[in-house]
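Take a look at the structure set out below.
The values are calculated or read from the model by the stated rules, or taken from the named source; none is laboratory data. All of these numbers come straight from a predicted model, not from anything done at the bench. Here Cβ is always computed from backbone atoms with ideal geometry, including for glycine, and neighbour counts include all displayed protein chains.
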Amino acid sequence: MKRVLILGATSEVALALADVLAEQSCELILAARNVNRLEPVKSDLAIRFNASVTLAEFDALHCAMHPQFFKQLVPMPDTVICFLGYMGEHTKALADWDECYKILSTNYTGAISILNIFANEFEAKRQGTIVGISSVAGERGRQSNYLYGSSKAGFTAYLSGLRNRLFKSNVHVLTVKPGFMQTRMLEGMKTPKFLTAQPREAAILIKRAIDKKKNTAYVFPIWKWVMLVIKSIPEPVFKRLKL
């Protein structure tokens, strides 16, 4: 990785990964809707690592503007890491289409809109890396967050198909499936410590998965087995559980 674009760069894990990449002399493009929040990050990385950091405004929901966003990226990044994500308020979204639409569009439609553009570019160049941050929530729908989970399930399937398509063009596609992470998204929730990753810890594991050219990576490997158990519960039993 030489020039890396991070979409959704204001998330805690994205910021931690930017720190890890800056340590290794990567050029960074940090893109987010609230780009002003990234100004202190740019200054900090420049001071500590003499890092080359460019900021760019990007809104996942404004898909019509994504081609224009892409065209302004000169020189072109060789790696795109998509941290776009919005859990939202599930109960509210059940009755409020605007909230429901925001959940589905941020996690799925908006992410695919921009990644389609990069997939075509990397395929033509026959090189590049695409990393999508999905979620273990997409592995089985649960009553407490099935809108978020279904959007991540769709995103996981998209990345799988993209990997299948781009393999012959030497383009690496990585699906990252975090479980619990100590971020704003889980603020106020009590989660088991052994299942909850700190942002820098997650960032290091993501960077390692990119370097090893993995296809799919769980931030904590134990989540693979946790989800295997959850997926193995028979439906007649599962539908009676309060999850």
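Structure summary
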| quantity | calculated |
| --- | --- |
| Residue within segment 127-143 that is free of Cβ contacts under 8 Å to residues at least 12 places away in the same chain and either more than 17 Å from residue 58 (Cα to Cα) or outside any helix (DSSP H, G or I) (or both) present | no |
| Test: residue in segment 163-170 that is at pLDDT 95 or above, within 21 Å of residue 109 (Cβ to Cβ) and among the charged types (D, E, K, R) | yes |
| Meets criteria (modelled with pLDDT of 95 or more, under 30 Å from residue 142 (Cβ atoms) and over 21 Å from the mean Cα position of the chain (by Cα)) for residue 95 | yes |
| Residues of segment 209-222 that turn out to be at pLDDT below 85 and either more than 17 Å from the chain's Cα centre (by Cα) or small (Gly, Ala, Ser) (or both), as a count | 2 |
| Residue check for residue 4: of a type in the set (A, V, I, L, M), assigned to a strand (DSSP E or B), in contact with a helix residue (DSSP H, G or I) (Cβ under 7 Å, 6 or more places away or on another chain) and over 23 Å from residue 105 (Cα atoms) | yes |
| Conditions (1) touching a strand residue (DSSP E or B) at 6+ places or on another chain (Cβ under 6 Å); (2) over 23 Å from residue 21 (Cβ atoms); (3) modelled with pLDDT of 95 or more: number failed by residue 129 | (2) |
| Yes/no for residue 2 being out of contact with any Leu (no Cβ under 9 Å at 6 or more places or on another chain), modelled with pLDDT under 95 and among the charged types (D, E, K, R) | yes |
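Yes or no, residue by residue, for (1) crowded, with 22+ Cβ neighbours inside 10 Å; (2) touching a residue at least 12 places away in the same chain (Cβ under 8 Å); (3) over 28 Å from residue 161 (Cβ atoms):
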| residue | (1), (2), (3) |
| --- | --- |
| 64 | no, no, no |
| 70 | no, yes, no |
| 76 | no, yes, no |
| 84 | yes, yes, no |
| 100 | no, yes, no |
| 110 | yes, yes, no |
